[in-house]
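The values are calculated or read from the model by the stated rules, or taken from the named source; none is laboratory data. This is a predicted model, so every value here is computed, not measured. Cβ placement follows ideal geometry from the backbone for every residue including glycine, while neighbour counts extend to all protein chains displayed.
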Amino acid sequence: GENFTLVSTKKELLDRPFYYCNIDANPQNANSIYVSATAYWHSTDAGNKWQRLPTPHGDNHGMWINPLDSNLFIQCNDGGANITLDGGKSWSSIENQSTAELYQVAVDDQFPYWLYAGQQDNTTIAVPSLPPHPAPGGPQSFWQEVGGCETGPAIPKPGNPNIVYSNCKGRFGVYDKITGQEKQYYIGATNIYGHNPKDLVFRFQRVSPIHVSPHNPDVIYMGSQYLHKTTNDGQSWEIISPDLTAFTPETQVISGGPITRDITGEEYYSTIYAIQESPVQEGLIWVGANDGPVHLTMDGGKNWQDVTPSSLPAQGRVQSIEASAHQPGKAFIAVYRYLLGDFKPYIYKTSDFGASWTLLTDGKNGIPNDFPTRVIREDPNQEGLLYAGTEFGMYISNNDGETWMPFQNNLPITPVTDIAIKNDDLILSTMGRGFWIMDDISTLRQLDDDDTKVVLFHPKPAFHQRYRNSSGGDIPEYPAPGMDIRYYLKNELKDLTLKIYNSDGICIRTYQNEEKEEKDKEEETDMQTGFRSQNSSTGLITTAGAHTLRWDLRYDLKKFGSDRGKRGPMVIPGQYRIELLDGFTTYRTNVEVKADPRILASGVTQEDLVAQEKLSLQVQQLHYDAKEFELYLNNQIKENDTALATEELKTIKAEITTNEGRYPTPMLIDQISYLYSMLDQADQAPGQDAIKRYSELREKLDSLKKRAGMPGNMD
């Protein structure tokens with residue numbers, strides 16, 4: 001390193017030094033060099049000449065070269081990671097991995113709800129939390145771009161999810177899902193690229209925040225260095241604050257300085273970065289800047305006060321603000337300072353409108369001292385229950401931030417950029433691993449220090465839904481329809497039983513120890529959707545710890561023999577009781593199954609679903625009776641000595657059992673199965689043909705049983 005020789009002046013190798021420009025050498029050939037930049041470059045003569053290598057995505061950041069085979073290497077970019085086996089001539093796909101870099105998450109109020117975000121170096125994106133309808137192309141065909149661009153945010157309008165307020169690097173737009181058009185209402189209508197920030201009228205950061213008032217869906221806020229407000233979807237804007245940033249002179253310079261000018265207009269300092277209006281007091285608005293200050297107005301912007309925590313080091317990015325849903329004067333902030341070389345976590349709480357603040361992260365109370373914090377959220381139903389997203393995963397607190405616990409489970413170690421709570425689901429956006437949802441966090445609200453040996457938690461209401469949960473790929477990991485029933489065992493138990501009763505007190509489903517259950521997880525395919533599904537949990541886990549049973553909202557299958565792949569009828573919307581029995585004590589909780597609101601809106605009534613359930617149970621019983629009759633015939637044929645009687649029984653059996661072979665004529669048992677399947681396709685009143693067909697099949701079976709001399713039921 002005493003002497004260097006200039007080998008290349010190719011400017012494309014050094015286009016954005018702060019963002020990438022990494023150099024990697026081939027471990028088997030010192031003259032083979034790679035540069036990761038906006039493009040991906042390769043030199044075979046120690047840097048004199050360069051060839052651009054195509055990659056599946058741009059903005060390249062790094063690579064790993066196999067030390068034993070330099071043609072095999074992994075390359076990463078803003079789209080994900082890709083592998084080559086031939087030195088970069090061809091690559092694996094980036095579409096087979098959940099590596100989306102998401103800046104934030106917002107949710108709408110439709111059913112099922114959708115998730116919205118800006119996705120780094122791609123577009124805004126909206127994805128459903130559950131499959132809204134069949135998709136022959138797989139769940140990815142649901143995904144939508146919703147205006148704006150990679151930075152987001154994309155905020156759906158409350159009450160009208162077809163309208164999305166989107167940002168693209170400070171440019172405000174109103175996207176209409178119906179027309180596919182985005183109306184543009186840029187504040188200031190000025191191209192801010194290439195400017196010294198001190199010369200701009202409005203300074204916008206690339207991820208400029210948009211906030212819709214929780215009190216009025218027509219009131220929208222957006223931040224530059226000022227807080228802007230519109231009540232007509234952006235057609236006109238009002239400035240309702242002074243400059244709410246520190247705006248120190250030393251930071252108002254051209255990015256990169258005099259050597260390498262990099263002034264795209266996306267990394268401006270001294271801009272508003274977080275906005276939240278109190279959900280319990282209209283006009284009480286908290287604002288945080290990306291250079292440190294926190295401000296508060298309690299009169300909708302007429303008067304402002306600087307409420308920055310006195311112990312907060314200067315120039316940190318106020319990454320998120322959480323206005324409490326329980327007290328108007330209570331709020332939380334998460335501040336991010338790792339870009340300043342400070343990896344400490346900074347989460348503060350105030351309960352007196354910012355007059356005083358308490359640091360909730362001292363590096364000793366759960367969140368490590370080198371885990372920068374990106375987001376803080378408060379549980380809307382239970383005060384004191386907090387969720388924190390850090391650079392290296394999730395943490396929770398059940399005592400208002402006095403202590404923190406890791407809450408990682410199967411979540412990848414990845415930056416958590418934002419947190420939302422919807423319908424008792426915990427929703428995360430991550431920088432590099434896409435969206436994640438934890439279903440039913442109501443269990444967290446039921447935790448206490450009671451030393452009970454067995455706890456049956458109260459589940460959140462489940463919706464009476466029909467959909468397939470996968471498309472053959474690994475992403476998304478949609479859960480099967482049903483209800484999660486959670487329980488805790490202090491010690492391992494030998495026997496455990498769970499029973500589900502309907503409102504008439506009739507037991508409709510029973511689960512026992514896992515090893516006692518038939519583990520029939522046969523894959524089922526629906527010809528209409530192409531989605532795959534596995535049967536729900538088949539048994540109870542009895543080891544010590546917390547466990548989840550997935551009830552698929554169906555009756556027990558009344559089966560005779562194996563009946564592989566079949567399942568009981570769906571229950572109707574209504575009230576149910578769950579009982580957990582450990583051999584000594586019975587633990588009870590009541591649960592609710594709600595109707596799919598889309599089904600009710602289509603005109604299907606509760607009476608229709610009751611009729612469907614009734615007929616489905618009748619057909620299931622008919623199938624059981626037919627299988628029982630088949631066994632009776634088999635036994636009689638074996639035991640009967642007279643040839644004449646045997647032939648008659650065989651003739652009867654031929655009318656109920658389908659022959660083997662290719663495309664045989666379906667006989668009675670298969671005809672019953674066909675009718676049962678027909679009744680289980682959708683939420684509906686049974687058709688008259690189905691009702692008539694059931695009567696025909698019942699009469700046919702009863703006639704054959706009489707003809708065979710079967711003496712009543714065998715069970």
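In this structure, does residue 79 turn out to be modelled with pLDDT under 95, more than 30 Å from residue 602 (Cα to Cα), surrounded by 18 or more Cβ atoms within 10 Å (Cβ to Cβ) and not acidic (Asp, Glu)? If you could, list the steps in order and put the result at the bottom.
Values: modelled with pLDDT under 95: yes; more than 30 Å from residue 602 (Cα to Cα): yes; surrounded by 18 or more Cβ atoms within 10 Å (Cβ to Cβ): yes; not acidic (Asp, Glu): yes.
Yes, satisfied.
Could you list, in sequence order, all residues of region 306-317 that are buried (at least 18 other Cβ atoms within 10 Å of the Cβ) and either in contact with a Leu (Cβ under 9 Å, 6 or more places away or on another chain) or of a type in the set (Asp, Glu) (or both)? I'd like the intermediate steps shown before the answer.
Taking region 306-317 and keeping what is buried (at least 18 other Cβ atoms within 10 Å of the Cβ), we get 307-309, 312, 315-317.
Passing the criteria: 307, 309, 312, 315, 316, 317.
Going by what's in this entry, would residue 657 be described as surrounded by 15 or more Cβ atoms within 10 Å (Cβ to Cβ), polar (S, T, N, Q) and in the same structural domain as residue 466 (by TED's automatic domain parsing)? Explain how you work it out, then say what you get.
Values: surrounded by 15 or more Cβ atoms within 10 Å (Cβ to Cβ): yes; polar (S, T, N, Q): yes; in the same structural domain as residue 466 (by TED's automatic domain parsing): no.
Judged against the criteria, residue 657 is not a match.
Can you give me the number of residues within region 283-335 that are of a type outside the set (S, T, N, Q) and in contact with a His (Cβ under 9 Å, 6 or more places away or on another chain)?
Quick first cut of region 283-335, residues of a type outside the set (S, T, N, Q) only: 283-289, 291-296, 298-302, 304, 306-307, 309, 312-314, 316-318, 321-323, 325-326, 328-335.
So of that shortlist, the ones also in contact with a His (Cβ under 9 Å, 6 or more places away or on another chain) come out as 283, 285-289, 304, 306-307.
Of the residues in region 283-335, 9 are of a type outside the set (S, T, N, Q) and in contact with a His (Cβ under 9 Å, 6 or more places away or on another chain).
Restricted to region 150-180, and to residues that are outside any loop (DSSP other than H, G, I, E, B) and of a type in the set (A, V, I, L, M), which residue is farthest from residue 106 (Cα to Cα)? Walk me through how you get there before you give the answer.
Taking region 150-180 and keeping what is outside any loop (DSSP other than H, G, I, E, B), we get 154-157, 160-168, 171-176.
Of the ones still in play, those that are also of a type in the set (A, V, I, L, M) are 154-155, 163-164, 174.
Details: 154: 7, 155: 6, 163: 13, 164: 10, 174: 15 Å.
The residue in question is 174.
Among the listed residues 170, 147, which satisfies the condition of being over 21 Å from residue 318 (Cα atoms) and not β-branched (Val, Ile, Thr)? Show your work before the answer.
Working: 170 fails: over 21 Å from residue 318 (Cα atoms).
On inspection, the qualifying residue turns out to be 147.
Could you list, in sequence order, the residues of region 98-111 that are surrounded by fewer than 19 Cβ atoms within 10 Å (Cβ to Cβ) and either at positive phi or without any contact (Cβ under 8 Å) to a residue 60 or more places away in the chain (or both)?
109, 110, listed by residue number.
Of all residues in region 360-383, count the ones that are in contact with a strand residue (DSSP E or B) (Cβ under 8 Å, 6 or more places away or on another chain) and surrounded by fewer than 17 Cβ atoms within 10 Å (Cβ to Cβ).
Looking only at that region, the number is 1.
So which of 191, 216, 160 ends up being surrounded by 14 or more Cβ atoms within 10 Å (Cβ to Cβ), within 25 Å of residue 240 (Cβ to Cβ) and not basic (Lys, Arg)? Outline the logic, then answer.
Working: 191 fails: surrounded by 14 or more Cβ atoms within 10 Å (Cβ to Cβ); 216 fails: surrounded by 14 or more Cβ atoms within 10 Å (Cβ to Cβ).
Unique residue meeting the criteria: 160.
Residue by residue through region 390-440, note down the ones that are of a type in the set (Val, Ile, Thr), in contact (Cβ under 8 Å) with a residue 24 or more places away in the chain and either part of a strand (DSSP E or B) or buried (at least 19 other Cβ atoms within 10 Å of the Cβ) (or both). Steps first, answer last, please.
The first filter runs over region 390-440 and keeps only residues of a type in the set (Val, Ile, Thr), leaving 390, 396, 403, 413-414, 416-417, 419, 421, 427, 430, 437.
Still in the running and in contact (Cβ under 8 Å) with a residue 24 or more places away in the chain: 390, 396, 403, 416-417, 419, 421, 427, 430, 437.
The answer is 390, 396, 416, 417, 419, 421, 427, 430, 437.
Can you confirm whether residue 98 is closer than 22 Å to residue 417 by Cβ, in a loop (DSSP other than H, G, I, E, B) and among the hydroxyl-bearing types (Ser, Thr, Tyr)?
Details: closer than 22 Å to residue 417 by Cβ: yes; in a loop (DSSP other than H, G, I, E, B): yes; among the hydroxyl-bearing types (Ser, Thr, Tyr): yes.
Here the answer is yes, as residue 98 does meet what is asked.
Filtering region 529-574 down to residues that are under 20 Å from residue 496 (Cβ atoms), assigned to a loop (DSSP other than H, G, I, E, B) and not β-branched (Val, Ile, Thr), which residue is modelled with the lowest pLDDT?
So the first thing to find is which residues in region 529-574 are under 20 Å from residue 496 (Cβ atoms), and the list is 535-552, 556.
Checking which are assigned to a loop (DSSP other than H, G, I, E, B) leaves us with 535-539, 541-544, 552, 556.
Checking the rest, the ones that are also not β-branched (Val, Ile, Thr) come to 535-537, 539, 544, 552, 556.
Values: 535: 41, 536: 53, 537: 60, 539: 87, 544: 94, 552: 95, 556: 95.
Within region 529-574, the match that is modelled with the lowest pLDDT is 535.
So which residues in region 24-33 are without any contact (Cβ under 8 Å) to a residue 40 or more places away in the chain and surrounded by 12 or more Cβ atoms within 10 Å (Cβ to Cβ)? Write out each step before concluding.
Of region 24-33, the ones without any contact (Cβ under 8 Å) to a residue 40 or more places away in the chain are 25, 30-33.
Hits for region 24-33 are 25, 31, 32, 33.
Among the residues of region 391-400, is there at least one that is out of contact with any helix residue (DSSP H, G or I) (no Cβ under 8 Å at 6 or more places or on another chain) and at pLDDT below 95? Don't jump to the end; show me each part of the working.
Step one: list which residues in region 391-400 are out of contact with any helix residue (DSSP H, G or I) (no Cβ under 8 Å at 6 or more places or on another chain), which gives 392-395, 397, 399-400.
If we keep only those that are at pLDDT below 95 as well, we get none.
No, there is no match, as no residue in region 391-400 is out of contact with any helix residue (DSSP H, G or I) (no Cβ under 8 Å at 6 or more places or on another chain) and at pLDDT below 95.
Given the residues 509, 588, 598, which is the only one that is touching a strand residue (DSSP E or B) at 6+ places or on another chain (Cβ under 6 Å), surrounded by 15 or more Cβ atoms within 10 Å (Cβ to Cβ) and at pLDDT 75 or above? Spell out the reasoning first.
Values: 588 fails: surrounded by 15 or more Cβ atoms within 10 Å (Cβ to Cβ); 598 fails: touching a strand residue (DSSP E or B) at 6+ places or on another chain (Cβ under 6 Å).
Unique residue meeting the criteria: 509.
Considering only strands (runs of 3 or more DSSP E) fully contained in region 184-251, which possess at least 1 residues that are within 21 Å of residue 296 (Cα to Cα), touching a helix residue (DSSP H, G or I) at 6+ places or on another chain (Cβ under 9 Å) and aliphatic (A, V, I, L, M)?
none
For residue 125, work out the one condition from (1) in contact (Cβ under 8 Å) with a residue 40 or more places away in the chain; (2) part of a strand (DSSP E or B) it doesn't fulfil.
The one condition residue 125 does not meet is (1).
Just to be sure before I move on: is residue 147 assigned to a strand (DSSP E or B) and either buried (at least 19 other Cβ atoms within 10 Å of the Cβ) or of a type in the set (Val, Ile, Thr) (or both) in the structure I sent? Quick ask: steps written out before the conclusion?
Working: assigned to a strand (DSSP E or B): no; either buried (at least 19 other Cβ atoms within 10 Å of the Cβ) or of a type in the set (Val, Ile, Thr) (or both): yes.
No, not satisfied.
Return a yes/no flag: does region 468-487 have any residue that is aromatic (Phe, Trp, Tyr), modelled with pLDDT of 95 or more and touching a His at 6+ places or on another chain (Cβ under 9 Å). Quick ask: steps written out before the conclusion?
Start the filter on region 468-487 by keeping residues that are aromatic (Phe, Trp, Tyr), which leaves 478, 487.
Among the residues that remain, those that are also modelled with pLDDT of 95 or more are: 487.
Filter once more, so that each one left must be touching a His at 6+ places or on another chain (Cβ under 9 Å): 487.
Looking for residues that are aromatic (Phe, Trp, Tyr), modelled with pLDDT of 95 or more and touching a His at 6+ places or on another chain (Cβ under 9 Å), one finds at least one in region 468-487, hence yes.
So which residues in region 656-712 are closer than 11 Å to residue 615 by Cβ, aliphatic (A, V, I, L, M) and in a helix (DSSP H, G or I), if there are any at all?
675, 678, 679, 690, 691
Show me the strands (runs of 3 or more DSSP E) entirely contained within region 35-84 in which 3 or more residues are of a type in the set (A, V, I, L, M, F, W, C). Walk me through it before giving the result.
On the way: elements: 40-43, 60-65, 73-77, 80-84.
In region 35-84, 60-65, 73-77 are the strands (runs of 3 or more DSSP E) which contain 3 or more residues that are of a type in the set (A, V, I, L, M, F, W, C).
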